Amino acid sequence: MESSNFNPSLLRFLQSSPTPFHATQSMKSRLLEAGFLELREDDNWVIDEGGRYFVSRNDSSLIAFTTPTLDFFNTGWRMIGAHTDSPCFKLKPNAQVTRHGHHQLGVEVYGGVLLHTWLDRDLSMAGRVTFKTESGDIKSRLIDFKKAIATIPNLAIHLNRGVNTDGFAVNPQEEILPILCDATNEFELKRVIQQQLEAEHDGLNISAILDFELSMYDAQAPAIVGLHDEYICSARLDNLLSCFVGMEALIASNYERPSLLICTDHEEVGSLSTCGANGPFLEDVLRRLSPNPEHYVQAIQNSMLISADNAHALHPNYASKHDKLHAPSINQGAVIKVNNNQRYATNSETSAVYKDLAEQEGYDVQTFVVRSDMACGSTIGPITSGEIGVPTLDIGLPTFGMHSIRETAGRKDAYGLYKVLSRFTKRATLIDR
């Protein structure tokens, strides 16, 4: 993909992916367009040399791979990992709430949300709905209201005089319930959900809504921002930015080496699920491709995983929050993340491979190490490395406001990472032992 098309395509992907379900659907559509074939986990797989395939689990995680050769135990895999989920508010099962003349939604905090950033925003709702048809079948479909249907108004400063001096804490049980409409209007949540399903999908013949997994999201569209268009501002940059970059790198690989993209759900809450990085999804796929136990281990040890997840850029208003020698800047290249306590899985060899790839592409590399007096976050890198034993690098694009409802990254950085990861998928030799 050319640089002129890259960011517009990225913005469209972000806009079409308000939930992990929609992100997976967006990636499926792009991969099908690029000639990949969809596999089902409950089918027998026939994998051909020169093939391109993808498989999804739970409609929210996806693995795509190319097989220019089936000699995986000699070639290994060039793996790129990311995650499809982002911190947000998810509806509770009994979400319909009426208080003091207003219909509201009861929501649960998912992941490490910066709560105050969700106040005074135009909110929409999207996700998966499971229903029973008139013929007795149970089916699921995705919905996306797209337009702003709710808001969480702030409390006026006149009623909270100390907010700017004493700090502002938000109570997630009492103070983040989105307001939908006033109570003079009739409102029944399942009826509204069914109406949205029928508006988006023809011929469903719904007899009952059985359950749903719905999330609130910021209705403001992604945008290029800055006096000189320096920044990308959007919801869910962490980590749909990496999903998009990894997917496009796989498509641009020219299918020279066996390469694999894994985008899993539930990273923001620990990754332990059937479709999370701490679950069996990746190993299930790899063992089907290398059923011989000896060949499987050989393939893993000839492989490398680049775990791509956003990194903390040096914020000019909060410079003291960084180790000054490891403070990456936006639009200055991707960031290798290092933690000797294994919160990141980078080691000297995996780092060296990436630095060599970046040098060949003419892109700079930065390094992030958290301050020694602060706790360090983590990624799917150590989880995946610990689960299957693959040598791993943790890397990310520098970002402001991570876990805010609207995050900021650099316009130049995503395309640079795409070019380096594309070269990685073609790399013949990783470490000469």
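Descriptive notes on the structure:
- Flag for M374 being more than 23 Å from A299 (Cβ to Cβ) and in contact with a Lys or Arg (Cβ under 9 Å, 6 or more places away or on another chain): yes
- Residue ID - surrounded by the fewest Cβ atoms within 10 Å (Cβ to Cβ), chosen from residues in region 294-315 that are hydroxyl-bearing (S, T, Y) and under 27 Å from the mean Cα position of the chain (by Cα): S303
- Picking from residues in region 269-291 that are without any contact (Cβ under 8 Å) to a residue 40 or more places away in the chain and open to solvent by 70 Å² or more (accessible area, probe 1.4 Å), the one that is nearest to V420 (Cα to Cα) is R287.
- Residue within region 53-62 that is out of contact with any Asp or Glu (no Cβ under 9 Å at 6 or more places or on another chain), closer than 19 Å to L261 by Cβ and in a strand (DSSP E or B) present: yes
- Of the strands (runs of 3 or more DSSP E) lying entirely inside region 112-186, the ones with 2 or more residues being in contact with a helix residue (DSSP H, G or I) (Cβ under 7 Å, 6 or more places away or on another chain), in contact (Cβ under 8 Å) with a residue 40 or more places away in the chain and surrounded by 12 or more Cβ atoms within 10 Å (Cβ to Cβ) are found at 123-133, 138-144.
- Meets criteria (closer than 17 Å to V390 by Cα, of a type in the set (A, V, I, L, M, F, W, C) and buried (at least 17 other Cβ atoms within 10 Å of the Cβ)) for A327: no
- Residues located in region 224-233, provided they are touching a residue at least 40 places away in the same chain (Cβ under 8 Å) and at negative phi: I224, V225, E230, Y231, I232, C233
- Index of the failed condition, E108 passing every other in (1) touching a Ser or Thr at 6+ places or on another chain (Cβ under 9 Å); (2) under 22 Å from L237 (Cα atoms); (3) surrounded by fewer than 19 Cβ atoms within 10 Å (Cβ to Cβ): (1)
- In summary, strands (runs of 3 or more DSSP E) completely within region 224-322 and bearing 1 or more residues that are among the hydrophobic types (A, V, I, L, M, F, W, C) and under 30 Å from W45 (Cα atoms) occur at 259-264, 304-308.
- Some residue of region 80-103 being open to solvent by 10 Å² or more (accessible area, probe 1.4 Å), among the β-branched types (V, I, T), touching a Phe, Trp or Tyr at 6+ places or on another chain (Cβ under 9 Å) and more than 14 Å from R288 (Cβ to Cβ): yes
This table checks each residue for (1) under 20 Å from S271 (Cβ atoms); (2) touching a residue at least 60 places away in the same chain (Cβ under 8 Å).
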{"site": "S320", "(1), (2)": "no, no"}
{"site": "G333", "(1), (2)": "no, yes"}
{"site": "D356", "(1), (2)": "no, no"}
{"site": "D373", "(1), (2)": "no, no"}
{"site": "I380", "(1), (2)": "yes, yes"}
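- Criterion: within 30 Å of A150 (Cβ to Cβ) and either open to solvent by less than 40 Å² (accessible area, probe 1.4 Å) or not aromatic (F, W, Y) (or both) - qualifying residue of P68, P18: P18
- Residues that are of a type in the set (S, T, Y) and in contact (Cβ under 8 Å) with a residue 24 or more places away in the chain were ranked within region 395-433; the one that is nearest to T367 (Cα to Cα) is T399.
- Test result for S4, out of contact with any helix residue (DSSP H, G or I) (no Cβ under 6 Å at 6 or more places or on another chain) and modelled with pLDDT under 95: yes
The values are calculated or read from the model by the stated rules, or taken from the named source; none is laboratory data. Please read all numbers here as calculations on a predicted model, not as lab measurements. Counting neighbours? That spans all protein chains shown, and the Cβs are built from the backbone with ideal geometry, glycine included. Ligands, DNA and RNA are stripped out before the accessible areas are found, and what is left, the full protein with its side chains, is counted by its heavy atoms. Shrake-Rupley method; radii C 1.70, N 1.55, O 1.52, S 1.80 Å.
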